[in-house]
Structures are given as structure tokens and as C-alpha cells.
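Quick note: the coordinates plus some simple rules give every number you see, no bench work behind them. Only a predicted model underlies this, so the values are computations on that prediction, with no experimental measurement involved. A quick note on method: Cβ atoms are made from the backbone with ideal geometry, for glycine too, and the neighbour counts reach across all protein chains shown.
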Amino acid sequence: MSNQFNHRAAYGTWINDMRNSALPYEGWPSVRLDQETEQSIIETIELISKSGFNEIVLWGLFAAYSWPLDLTSAIDSERALRIERIIQAANRCGIKILTGIGIYSWGFDTIIESDPEVRGTNLHAMCGSKPESWEWMKKIIDFVIKRFDFDGLHLESADLGRCNCTVCDREGDVEYHSRITARAAQYIREQDSSKILLVSLCGYIPYYKKIAANEIQYLIEMSKHIDYLIDGGHNGYFIDETTLSAVIEQLHCDFGTSGGIWLYPPQRWERLRWFLPYTQKTGKHIKQLYHDGGRAIEYYLGPIINPGVEMNIAFGGRLLSNVDREMDDILAEVVTELYQPMDTETCASLVSIFKRAENAYFDHWYDAQDSPKAELRQLYVSEFYGNDLQKPTYLAEAPEFNRLMTRIMMDARGRERYRTELNFILADLLALEANTGSKGRMERLRICIQNVIKDIDETIMKSTDHHG
Ligand SMILES: [Zn+2]
């Protein structure tokens, strides 16, 4: 058998992040579950199954910030039917389906507002020391695992912070989050030992920090109760990389990442507005992670109608199911399947277009000028909170309109070079159109590249205005 990851999970994350049409007027994360959401999820499940993934993880089937107090009214009959059909599609495709569940946070806003017995210092997170908080946690777990037949759960406690009351504050972040999460995991296992349990360290500690050596013990203890652990670092690992292999060896569960680089898709943006394949960057990371002992990946999805997203998924799944494969060989296979090139030269040119488009961005982003190069993992093409939703943050240097990304992404010189490269790529692409079988995909590819060039043009115009 080939060397492969045990947990090859495709990560939603929220149900409309992979939606094939934009939701420009809804706040993120939208938990709308309509025909378009359902259809997009099912098509994505079919793609990941063909690509080599074996799990999918979805948030937002039940709630986002707020469960209703009775819990059951989160799911009306139409929603229930849609969820059933999504679960059936996963079963049919041989994909295990996991749902995200917030541990003490994500989903508790109304509960915290109405029940003083769970209230601590955080409006989005229950107090981790009060008995009533645990009672609510159990109620939600019971509801989720009894209402539908999911294969597992993604547990996450830290994304919206934690309680810092005087009792909770006795524990450091790693100890605190590991304690409440391990308790939930144990409880789920007592109810149903067949559930796959994954824990994401997303937000566990501040993103510029590493987990201290004396705190690793809390991860090891928690790892006894789960199937795999995903390091949620956005700037490299939370675990000190020099000790990574040793820590992985001590864990009682599989360990992994989100693929080394990922783009968080903007729910409100037109789906063909960006084009960022990153097969070379994620491929290199996946091979290294496997070498270091990692056996799990929670790989970010996006709207598969976007050709860059589709390529990232089709490539990632194949590499995860055979990490020894040559990356160019995988690219050629995917291009052949999706674009039906008429000869080997056309195939090679399309492969090179995906690689050149990746380099055209990453060679010219601002960090490329730093030494040593900062390892940014989570990339936002646009802000997704607030009022500046139409701005292409990833092409810009003004961090003031982006609270999530405080660094300069691209400066004027980078933008000029990125645009020049894209114009060459576009010319090459147009010359290939007659030699491929998939006109629809070729057209979407062209529109994406043209839209990025348009965004660069507008960003350049704006910064020229601004500076005078
Ligand atoms: Zn507290």
C-alpha cells in the first residue's frame, strides 16, 4: 500500500464557504441552508471523493454564534431533510462526515445572555469553571449526536477566546482549552465510541507564540481521548518545529495541519474573482509533514466553481493518498481529467499555467522580501467582517482595513510584477483554447485571471490617487 495520511479531511469550513455563488449581503458565517448550499456541498463531496479524501468537516449545519435555548428549533423539517441528503451523499461517496461543534464557545451567545450561571468574562464563551456550563455543553452534544448520524465531530474551544475569570485564570491557555475539550471528548466517547473525534488548536494561544515545553503534557493527555489533532497555527506551527517529530511521537492520536497554506474563501465575493492555485506550496508542506510523522490533514475547501480552488482540492487529495507521487505527475493527471487537453504539449502548458499563477502571486507578495521569510499560512483575499468587503486585501499594503491580517500583503512593485506575469499567462491561455475539451473550465480560468488583473488595476489606481 502507498504511503498515505490516515485522516484526509476536507474542511468546509462553514457550509456557505464552499457555495458556488456569492452571498454579498449576508454576514459571515452564513448558516443559510438552501438548495444552492446543499447542491454545492454535494458536488464538493463528489469531487473530494474522486480526489482521494476520506472525510469532510462542516460547520454551520446547526448554528453559528447562537443556538436557540430549546436547541431543537435550530432544525426545521426542511433543514433536517437537507442535512439528511448531505449525509447520504457522503455515505454514497465513501466519505466520513464530521460536523463542527463549539466547545464552550461558537454557538453559545444566546445561552450566555440568558443564563447568568454560565457567564464569565467573554460574551462568546461560557465560563470554563461553572457546573452549569458543563450541563449546557452536554445538552448540545446529546442533541447533535442523537439528531443525525454523523461519523464524527470536530471539537474547537479557542477560536473566540476563553473565560478569564479569577477561577479560570489559574490555568494557562493550553491547560484550560485541553481540559474542557478532553472532557467533552470523553463524554462523546461514553455515548458513542464509534465517533471520529478531531480537535483543532485554532486560536489556542496567540498566533505569534509557540506552546511552551511544559504545556505539551496537556496536549498529550487530551490526545488519549481523540483520533487526531490539528495544529491551528496561522504563522507556522504552534508546536516548536525543532521538537515537532518528538511531540508527534508522544501523542496518542494522529497529528496534522491544514495543509501548510490555505486561502480562506470570502463568502461575499464573486466566485471567479481570484485565482490562487497553491499546489507547490501545499505539496511541499504535505510531504515534509508526512516525513515528520504527521498522518492527518484538515484541508481547506472553497467554491469548486473557481478553477484554482478546484485544482487545489483535486491535487491535495491525490497527494494525501500517496505522498510519494511526483507533484508534476499529479498536476498532469488532474489537468487531463478536468481540461481534456488534445495533446501532451497542451497538457504541459496548462500544468505550467497553474504553477506560474502560483509563483506570480507568492514570488511577489511582500513577505517574499523578508529574510528569513515569514511563514504565513492562512491567507484572506478579502476582509470578511466589517464594511470593506469589496477590497482585495491580498493585493494591498494598507493593513488598517484588515483586522485579520496586520501585515502588508503586496506593495506597488509586487502588484506591477504580479500583473505582468498574469498578462503573459492570459496570453498563453488564450492560445490553448482550441486544444482543450472543457470549454466551460477554460472560460472560467480566463475570467478569473482577467478579474485579478482588473483588481490589480483598480488597486494601483486607488493608491496613485491616495499618494497624489
Ligand atoms: Zn471562568
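Numerical summary
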| item | result |
| --- | --- |
| On Cα atoms only, tilt of 344-362 relative to the major axis of the chain in degrees | 60 |
| Candidate aspartates and glutamates for bridging to K138, where Cα separation is under 12 Å - those fewer than 8 sequence places away on the same chain excluded | E190 |
| Antiparallel %, DSSP beta bridges [both residues in the chain], to 5 | 10 |
| Degrees, to the nearest 10: 279-292 long Cα axis against longest axis of the chain | 40 |
| Segment 296-364: GluC sites (Glu not before Pro) in DSSP coil with no more than 10 other Cβ atoms inside 10 Å | E326 |
| Computed FRET value (nearest 0.05) for S114 with D149, which takes r as the C-beta separation and R₀ as 41 Å | 0.85 |
| Under 5 Å, built H, 5+ apart or other chain: amide partners of C202 | G232 |
| Residue exposure sequence - F148, F275, F255 - by fewest surrounding Cβ within 10 Å | F148, F255, F275 |
| Nearby lysines by direct alpha-carbon distance to K139 (threshold 25 angstrom, same-chain neighbours under 8 apart not counted) | K96, K130, K195, K224 |
| Between segment 96-146 and segment 407-436, the alpha-carbon center distance in angstrom | 47 |
| Convex hull per residue volume in Å³, alpha carbons only, for segment 99-229 | 99 |
| Separation of the A412 and V167 label points, Cα + 7 Å toward Cβ, nm | 5.8 |
| Hydrodynamic radius of segment 1-89 per Kirkwood, over alpha carbon pairs, in Å | 14.2 |
| Förster-model FRET efficiency, 22 Å R0, H252 and Q288, C-beta, rounded to 0.05 | 0.45 |
| Segment 152-192, dipole about Cα centre (Lys/Arg Cβ +1, Asp/Glu Cβ -1), debye to the nearest 20 | 100 |
| Neighbour-count ranking [beta-carbon atoms within 10 angstrom, fewest first] of V323, V57 | V323, V57 |
| Added length on full extension, which subtracts the Cα-Cα distance from 0.36 nm per residue, E326 to E84 | 83.3 nm |
| Charged-residue dipole, Cβ positions (Lys, Arg, Asp, Glu), the chain about Cα centre, Debye nearest 20 | 160 |
| Fraction of beta bridges assigned by DSSP in segment 86-210 that are antiparallel (%, nearest 5) | 20 |
| Calculated from backbone phi, Karplus (6.51, -1.76, 1.60) coupling profile of segment 204-213 in Hz, x at Gly/Pro | 3, 9, x, 5, 8, 9, 10, 6, 5, 4 |
| Shape category assigned to segment 7-325 from the gyration tensor of Cα positions, a/c cut at 1.5 | oblate |
